[in-house]
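A short write-up of the structure that comes next.
The values are calculated or read from the model by the stated rules, or taken from the named source; none is laboratory data. Keep in mind that this is a model prediction, so the values were computed, not measured. Positions of Cβ are backbone-derived with ideal geometry, glycine not excepted, and every protein chain shown enters the neighbour counts. Side chains included, ligands, DNA and RNA excluded: accessible areas come from the protein's heavy atoms. Shrake-Rupley method; radii C 1.70, N 1.55, O 1.52, S 1.80 Å.
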Amino acid sequence: DVAVTGVQTCALPICLRVIDRRAGGVYVSATAGLYTLIGQQWTFSPTPTEFTYISEDGGANLVALDRRGVLYWRAAGATEWKELAGDADATEFRALATLNDGNVVAAGRTGLVRVANGAIAGPLGDRPAAALTTVIVASSGRVWAGGEDGRLHSWQPDTGWQSFAIPEWDAGRIRAIAEDRRGRIWAGGDNGRAAFGNETTPFERWTPEVGLKTSAITAIAGDATGGVWFGFNGSGLQQWLGEAWTHRTFWRAPGDVDPPITFSVRPTADGGFVAAVFNRGVWRWDGKTMAAYGREQGITEDVRFAIEPEPGVIWAAARFAIFRSEEHTSELQSRLH
């Protein structure tokens, strides 16, 4: 069993985003600034504003995005952040992603722009047909983005932008996007609507009629078996196995009455995932069983993001603390406190 212990070098404010650090450890974006873990040592640096997204490029430089949609850049090893100015029409970015070549792209109202060497380096292709709400880089290197128009938009150098309609889509903007092991792109929206397909296969829409919960899909993750996990706002997690729904289409902790709220789902190296369940703690799926870590294991705050950067070690960013799981809990506590 994995024991969970609180790591609290200070009273943390609300955590907004957690990402793996290329050189090991994690970055945690919080309301007060940026927390960095290297080995067992936490460092803190203030940020000019709250960062809702952070991304690291191939040179270990950081790119960040705030609630206004404004971009910031910090050089590797530096402490000062630089606000990236662009055309007035180029603001209102919504999400960040790192390309396979290590460059960071920002998605927003005018499409994608590259961020390089502390500057907005220009658009990535022409302007797409709609404002972009979320973005991923698929295993093939193709960029996929969700649109404010409820369509999916894809870009690659040889074809430029292509738009893909989801038949009878009635779920508003694309709220979540992911790729499964088979190379299919999944999109989620409001009211339990999801769709999957790719550039060669027409997109198919799913609704609660096939088993999805009637709630906004806020997170999607593909697992190693080819299945897909959905995180819902106020309705927990739901799993799709293979090509048909089974008895394991959702998971709820024994005795749960109130609906859980899932903020993030992140894949693990063994083909499972860790989920940040805001009002429950952390759930970890290993392909066969679900383990739940909550207040009894030491997670005393509401969790917003969780990751497992190395096998057996889970990091959870909560509203007012950061928690880490460790098999040798007593040894960890003696080093941190």
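Laid out as a table, the results:
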{"read-out": "Accessible-area order (highest first, 1.4 angstrom probe) of the listed residues 161, 186", "value": "161, 186"}
{"read-out": "Solvent exposure, largest accessible area first (probe 1.4 Å, DNA, RNA and ligands not counted), of 66, 270, 302", "value": "270, 302, 66"}
{"read-out": "Sum of side-chain charges, residue 321 neighbourhood, beta-carbon under 15 Å (Lys, Arg +1; Asp, Glu -1)", "value": "+2"}
{"read-out": "Packing rank of 130-139, 165-174, where each peptide gets the mean count of other beta carbons within 10 Å, highest leading", "value": "130-139, 165-174"}
{"read-out": "Whole-Hz ³J(HN,Hα) from phi, Karplus 6.51 cos²θ - 1.76 cosθ + 1.60, for the stretch 296-307, glycine and proline x", "value": "5, 9, x, 7, 9, 10, 6, 8, 9, 9, 9, 9"}
{"read-out": "Residue 109 accessible area, assembled protein chains, probe 1.4 Å, Å²", "value": "80 Å²"}
{"read-out": "Solvent-accessible area of residue 190 with every protein chain in place, 1.4 Å probe, in Å² to the nearest 10", "value": "50 Å²"}
{"read-out": "Sequence-distant residues sharing a close amide H with residue 121 (under 5 Å, placed H)", "value": "114, 115, 116"}
{"read-out": "Among [x] 66, 47, 38; [y] 55, 51, 29; [z] 80, 63, 41, the entry that matches Cα extents along the principal axes in Å as calculated here", "value": "[y]"}
{"read-out": "Under-5 Å amide H pairs with residue 216, H placed in peptide plane, nonlocal only", "value": "191, 192, 233"}
{"read-out": "Carbon/sulfur fraction of accessible area - the chain, other protein chains in place, 1.4 Å, %", "value": "47 percent"}
{"read-out": "Value of relative contact order over the stretch 113-169, rounded to a whole percent, pairs C-alpha under 8 Å and six or more apart", "value": "24 percent"}
{"read-out": "Value of relative contact order over the chain, rounded to a whole percent, pairs C-alpha under 8 Å and six or more apart", "value": "14 percent"}
